[in-house]
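The values are calculated or read from the model by the stated rules, or taken from the named source; none is laboratory data. Here the structure is a predicted model, which is why all the values come from computation and not from measurement. When we count neighbours, we look across all protein chains shown, and the Cβ atoms used for this are built from the backbone with ideal geometry, even at glycine. Ligands, DNA and RNA are stripped out before the accessible areas are found, and what is left, the full protein with its side chains, is counted by its heavy atoms. Shrake-Rupley method; radii C 1.70, N 1.55, O 1.52, S 1.80 Å.
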Amino acid sequence: MKKALLALLALGLMMALSSKEAIQREWEQSAHNNGVMGAKTLSVATVEARGDAAAHCARCHSEQGFVAWLDQLKKGNPGNLVGPDGKPATVEYLKGLGLTKDQVKPITCQTCHDEDGDLRLVHDTPMLPSGFRAVGVGSGALCMACHNTRNGRITWDAQDAGRYTSPHYSAEADLLLGKNAYFVDDTREWNNGHAFFTGGSCSTCHMSLAGQEDYTSHTFKTPDNLCASCHGAKYTKEMVQENTEHLMSLVRTMVNTRVLAVRDRIKTVRAYNPENGQFTPNTPVKAPVYRVDITSIGGQITFKMDLTDGTVLYSQLGDIRDEKGQPVFSTKDPVVRAAWNYLLVKYDGSKGVHNPSYTRSILLGAMEALR
């Protein structure tokens, strides 16, 4: 009997170690680990790279920053990291947290789990940097703490965006919950089944349904046949994605039409060089624009502009200027709000799968505003 009990304990220990090793290997393949995210962490979450501005990016791009910030978030402050006195974090304080090139860590086990292995945030979130709370989303609450637009709450029916700010990359929480898009009422409750009726929201599809029998996946990548888990074998993600991509192409076409209508007014830009990250002010636009693509640089909505002479220029939208030095596209122009909606869908990454009805509504709303 004693031998049998010891054998069972040994088997259990082996299985636990096996699961832990498997989780480690999966995490190494994820976008949160040193290999994938390490360079990004060094470039945005250290004082060497950003000075005291690391207090912004380190919140979600480092283990040390997130752990410190989550405590602050729970106390009601979703802003940048602050020091013990509640004032903006200084370089010295950030160094003390370990936000230096030789100490900073990417998103590790300890980022999401406390000393007992429990998730640091579940079910409900405090007020997020995107200006809303997520309630009743299970373990997905932890994901949503960082995966949101991080730029405050917009006014969905505003006639003037008031800024050229872009949604942050990977802002899935906003789309899941139906928040922070123009032209569609985001104050109503969008009862999205993926957010509220799957148990763990994000983690259900990206971890539980993608995992093994004795542990959840830590690659955070969904399996190809994920939709079949709930919707049946004949249902595929492409059924949603193909139509979403079509709507996105229509928005791009309509934005292009708007730009071409005023291209003679475009005289200078503050040109961005994607190879070295440098800006060149007052760069003359020597040929007409014939095509634009919508992207973002430095948190600002940006146009990649192809000119008829073969030149390609990148410029933040507010820096596309006329002969008087004024923005060609004011913040009141519907192009700004339509571009925000487009980027919200683009940076969500699911091509509509996370919230099909809301995604469709905000793209159609952008198209209507651009007519």
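Annotations for the structure displayed:
- The distance separating the Cα centre of region 118-150 from that of region 38-110 comes to 18 Å.
- Computed extension length for His246-Lys304: 18.9 nm, one decimal, from 0.36 nm per residue of separation with the Cα-Cα distance subtracted.
- Here's the picture: charge each Lys and Arg Cβ at +1 and each Asp and Glu Cβ at -1 in the chain, and of Ile266, His206, Thr219 the one pushed furthest to the positive end of that dipole is Ile266.
- Sulfur and carbon atoms: percent of accessible area, region 227-313 [1.4 Å]: 49
- Applying a threshold of 24 Å to the alpha-carbon distances of Lys234/Lys351; Lys75/Lys351; Lys101/Lys346; Lys20/Lys105; Lys105/Lys351 flags Lys75/Lys351; Lys101/Lys346; Lys105/Lys351 as lying beyond it.
- Candidates Ala233, Ala339, Ala161: whichever shows maximal mean-square fluctuation once the chain is modelled as a Gaussian network with Cα springs under 10 Å: Ala233
- Any cysteine of the chain lacking a neighbouring Cys Cβ under 4.7 Å - listed by number: Cys57, Cys109, Cys112, Cys205, Cys227, Cys230
- Gain upon complete extension [Lys20, Arg133; 0.36 nm per residue less C-alpha separation]: 37.4 nm
- Rounded percent of accessible protein surface that carbon and sulfur make up, region 39-187, 1.4 Å probe: 52
- Calculated [θ] (222 nm, deg cm²/dmol) that DSSP helices of n ≥ 4 give over the chain, each run adding -39,500 (n - 2.57): -12000 deg cm²/dmol
- Per residue solvent-accessible surface (Å²) - the chain, probe of 1.4 Å: 50
- Using the Karplus relation 6.51 cos²θ - 1.76 cosθ + 1.60 with θ = phi - 60°, the per-residue 3J(HN,Hα) values for region 263-272 come to 5, 5, 7, 7, 10, 9, 9, 8, 6, 9 Hz, with x marking Gly and Pro.
- Neighbourhood charge, 13 Å Cβ-Cβ cut-off, centred on Cys202 and excluding it, Lys, Arg +1 and Asp, Glu -1: -2
- Residue among Gly96, Gly299, Gly318 with the largest mean-square fluctuation in a Gaussian network model of the chain, springs linking Cα atoms under 10 Å: Gly96
- Answer label for Kirkwood radius over Cα pairs in Å (calculated), chosen among (i) 21.5; (ii) 22.5; (iii) 20.9: (ii)
- Were the residues from Ala158 through Gln278 laid out at 0.36 nm apart, the gain over their Cα-Cα distance would be 39.9 nm.
- Build a GNM of the chain with springs between Cα atoms under 10 Å apart, and of Ala141, Ala228, Ala338 the one that fluctuates most is Ala228.
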